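Worksheet: the structure to be examined is printed underneath.
The values are calculated or read from the model by the stated rules, or taken from the named source; none is laboratory data. Quick caveat, the model's predicted, so the values are computed rather than measured. For neighbour counting, all protein chains shown are included, and Cβ atoms are generated from backbone atoms with ideal geometry for every residue, glycine included.
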Amino acid sequence: MKKILIVKAPYYDDVVNQMYQRALDVLIYHDGKRGDKVKIKYETIDVAGVFEIPVTISKNIKKYEGFIALGCVIKGETPHFDFISKAAIDGIMKISIENKKPIGNGIITCLNMHQAKARKKKGREAAEAVISVLSQ
């Protein structure tokens, strides 16, 4: 049994919850690359925003085999979008490589809410990426 932690930042609740539901669809049972079933146990932690996702994963790195990061950042009128997006993405990549554990990147960065709603499949893709690495 593989343990996965989903860390989600529900600041944009409707968008992130759709991504979360699609990730859950994948996690119950998933056909592995060779047709075998990969049994998954998952837990979820909500955090205030995407900036808190990397530290939450880091704090839990020894308890789980894989992670899924779910969140949404929408560009506003200030450079805040650029700083938060880069810090979160760089942070999860660094943690993943240093600890040799998969982190499915379901943090979407969009220019507007229309783009965010169109990318709800990213939750499924993030979960599939983690399962793919855990099945190796």
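Structure notes:
- Test result for Ala23, of a type outside the set (S, T, N, Q) and surrounded by 20 or more Cβ atoms within 10 Å (Cβ to Cβ): yes
- Test: Lys86 is farther than 15 Å from Ala23 by Cα and in a helix (DSSP H, G or I): yes
- Just one of the listed residues (Ala87, Ala69, Ala126) is of a type outside the set (Ser, Thr, Tyr) and surrounded by fewer than 16 Cβ atoms within 10 Å (Cβ to Cβ), and it is Ala87.
- Within the stretch 116-136, tally of residues that are modelled with pLDDT of 95 or more and not in a helix (DSSP H, G or I): 0
- Residue list for the stretch 89-115, filter: under 15 Å from the mean Cα position of the chain (by Cα), over 16 Å from Leu5 (Cβ atoms) and in a helix (DSSP H, G or I): Ile89, Asp90, Met93, Lys94
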